[in-house]
Structure formats: structure tokens, C-alpha cells
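First the structure, in the form of C-alpha cells, and then the observations on it.
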Amino acid sequence: MEGLVNEVVCQDYMARQLVPFQLLTYKQAVVKALSREEQDRVRTRWSDAYPPAHELAVKLHELNEPLEYTTSYSLVSHKSASMLFKSVCEIGGREGWFYYNWMWRMRGGIDRLFMGVGSARGRRSYSNLEVNDVVDFWRVEDLQSDKRLLLRAEMKLPGKAWLEFTISPQGHDNVLSVTAYYYTKTLFGRLYWYAFLPFHHFIFVHLIEQIDKRN
């Protein structure tokens, strides 16, 4: 915002002579940007990147110690893996988290109070995901079509957390699973895990049930 005190008006038009191109007016630029949003064709967003050395960039497979805190929930679905995966990839953003949205919004609000990213970042695309995409206060760490979606938490935590969705065949059906991973080395971090553990059952059981019901 401090940069707004500087007047940014082009005085040198040499670039147009060297590389001729058609200029857009301010109105045209705004309309084009908004239309890309409506068409779900946004390629990059302000929230997509951070320094590679940032502590939030630590990946699940890069941890040198075993994860002591995990919880997992599953259900058997008659739907195809592609249909389930499509529903999984629609979580977050304007679609919300399918169930108990008020709890997810409250968690995002609490994160903002502690100067975290909150849930205002939404998503780049409403219909598909790519590795490194932001989903509210998560980031896509790994994505394997019709098999796995791994999200890495970027909210304020006394530790590190991941949320994994997997789809695996079982006979003529498919097993849809969600697993929460948590890593901490502090007493407060352990207390945080056990304080929220009872809520995991209600949140994640209903989440995968709603995923199965969609599409």
C-alpha cells in the first residue's frame, strides 16, 4: 500500500516500438479479469506462492520422524473412483466443506485473529485442482487422479498438519477414506490434538458421506 504514494504513469514508450502490442483500457482489463473468474479460467492467484524455504513448505514425506498423531475414517461407495475424486476436488472455496461449514468458517476466523491466512483465499478454480493450489487454509501437496488428494495445512498451529483423501478399489466398489496427520514436538501441540480429536469424528464422517452423495 505504501507504493501508492508513487505516481506510476508511463513516460517511456520505447517498449511499444520494440514489441508492438495492443493496449487495454482500465475498463477492458477489469472486464477481462472478471470474465476469467466467471469462466473458471484463472491461471494464477496472489495466494499461490511463498518462498521455497518457508516452514510451511515442508512436505509430509520430508518429515524425519514418525507421525504419532493420525486419525482416519472410511466408507464403502458404489460410485466410480472418478466420480468420487471429482467430488473430493470440489471441497473448499465457494462450495464450502459440504457439512458443518460454520465450523470450518469459525476455524478460519480464529486463524485470522492469530494473524493466520484464514479461509478468505478460497480457490483458484472451482472445478479442478492442481499441485500447489490453495484451498482456503490448505494447499495441495499431492494429487493423483482418481486416487489421492493430499492437503497441507497453512493455518496457525502448534505443529504441522495434513489432510489426505484416498480412493481404493474393493471388489466392485471403492473405499473412500480421509486421514488427518499431525506432527508436533510440544506439550501445547499435544494438548491441541487431543482437544480437537472428538470433533474429528463428526466433521470427517459427515464430510466423506457428503462427498459420496454428490455427483
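The values are calculated or read from the model by the stated rules, or taken from the named source; none is laboratory data. Note that the structure is predicted; figures quoted are calculated from it, not measured. A quick note on method: Cβ atoms are made from the backbone with ideal geometry, for glycine too, and the neighbour counts reach across all protein chains shown. Remember, those area values only see protein heavy atoms, side chains included, never the ligands or the DNA or RNA. Shrake-Rupley method; radii C 1.70, N 1.55, O 1.52, S 1.80 Å.
The table that follows gives values for the structure above.
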| read-out | value |
| --- | --- |
| Fluctuation leader among F137, F199, F165 - the chain, Gaussian network, Cα springs under 10 angstrom | F199 |
| 11 Å beta-carbon shell around H206, net charge (K/R +1, D/E -1) | -1 |
| Helix-only [θ]222 nm of the chain, DSSP H runs n ≥ 4, -39500 (n - 2.57) each, per residue, nearest 500 | -10000 deg cm²/dmol |
| Length gained when the stretch N132-A15 is fully extended (0.36 nm per residue, less Cα-Cα span) | 38.8 nm |
| Gain upon complete extension [Q144, L113; 0.36 nm per residue less C-alpha separation] | 7.7 nm |
| Fluctuation leader among D111, D142, D173 - the chain, Gaussian network, Cα springs under 10 angstrom | D173 |
| Heavy-atom surface of region 127-166, accessible at 1.4 Å and reported per residue (Å²) | 34 Å² |
| Highest-MSF residue in the chain out of D12, D146, D136 [GNM, Cα springs under 10 Å] | D12 |
| 11 Å beta-carbon shell around F85, net charge (K/R +1, D/E -1) | +2 |
| Label point at Q170 placed 7 Å out along Cα→Cβ; residues across region 68-92 whose backbone nitrogen lies under 15 Å | 72-81 |
| Estimated distance in nm for a label pair at Q28 and L67, the labels positioned 7 Å out from Cα along Cα-to-Cβ | 5.0 nm |
| Net charge of Cβ neighbours under 11 Å - reference N174; Lys, Arg +1; Asp, Glu -1 | -1 |
| Using a Förster distance of 41 Å, the FRET efficiency for N6-S125 (Cβ separation, nearest 0.05) | 0.75 |
